[in-house]
Every structure is written in structure tokens, then in C-alpha cells.
Amino acid sequence: MNWSDPNTGASYDWDYRTIIIHAISREPFPHIYLQISGEDETSDPFHVRFIPQSESDLQPLFDAFSKGAELNPDPGTLLIS
């Protein structure tokens, strides 16, 4: 996953499988909350908040993260359909 801010030029890359959890949160403001695993087994996870310009963008953004999780399952996970 790649995120970049056109206003600052900042850019971040994460392997999608490092995203431990994604959720819609509205406190203290509407955002998508991510918990991302640390660089190795001894590193603590870190937290990221994606704050859309409009609250109406929360659900489509959450749906995109959900689809990404579906397309990038953890290795060794048994998928039953």
C-alpha cells in the first residue's frame, strides 16, 4: 500500500499484510484507523489515521481496505468458500 500527500510530498509504503486491523472511527474526528505491525517480531505495532476530506468518504475507503485484505490474506490462512 502506498500513501502520499501531494501537499507535503510525504510518502509512505506498507506491505498490505502488515495491516493488522482497519476500522472506521469517529472519535475524536471521522477517520480510518489502521494498526500496522512493527518491522520485526520485537517491534511494537504503530497506528495510522486516514482522515478524508469528507465524512461520506469513510465507507468507500473502509470498503477499499476490506477488499485489499480479502485480496491479500495472511500466508497459511485456510480460506473456506
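The values are calculated or read from the model by the stated rules, or taken from the named source; none is laboratory data. What you see is a predicted model, and the numbers here were worked out from it, not measured in a lab. Reconstructed Cβ throughout: ideal geometry from the backbone, glycine too, with neighbour counts over all protein chains shown.
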Restricting attention to the range 19-68, report how many residues are outside any helix (DSSP H, G or I), within 18 Å of Asp5 (Cα to Cα) and either of a type in the set (Val, Ile, Thr) or touching a residue at least 24 places away in the same chain (Cβ under 8 Å) (or both). 7
Selection from the range 1-18 of residues that are within 24 Å of Lys67 (Cα to Cα), surrounded by fewer than 12 Cβ atoms within 10 Å (Cβ to Cβ) and among the polar types (S, T, N, Q): Asn2, Ser4, Ser11
Members of the range 3-18 found to be free of Cβ contacts under 8 Å to residues at least 40 places away in the same chain, at negative phi and not hydroxyl-bearing (Ser, Thr, Tyr), listed by number: Asp5, Pro6, Asn7, Ala10, Asp13, Trp14, Asp15
Residues (in contact with a Ser or Thr (Cβ under 9 Å, 6 or more places away or on another chain), modelled with pLDDT of 85 or more and under 16 Å from Asp15 (Cβ atoms)) located in the range 26-81: Ile36, Ser37, Ser43, Pro45, Phe46
Please count how many residues of the range 1-18 are part of a helix (DSSP H, G or I) and more than 19 Å from Pro60 (Cα to Cα). 2
Any idea which residue in the range 19-32 is nearest to Glu55 (Cα to Cα), counting only those that are exposed (fewer than 15 other Cβ atoms within 10 Å of the Cβ) and under 9 Å from the mean Cα position of the chain (by Cα)? Ala23
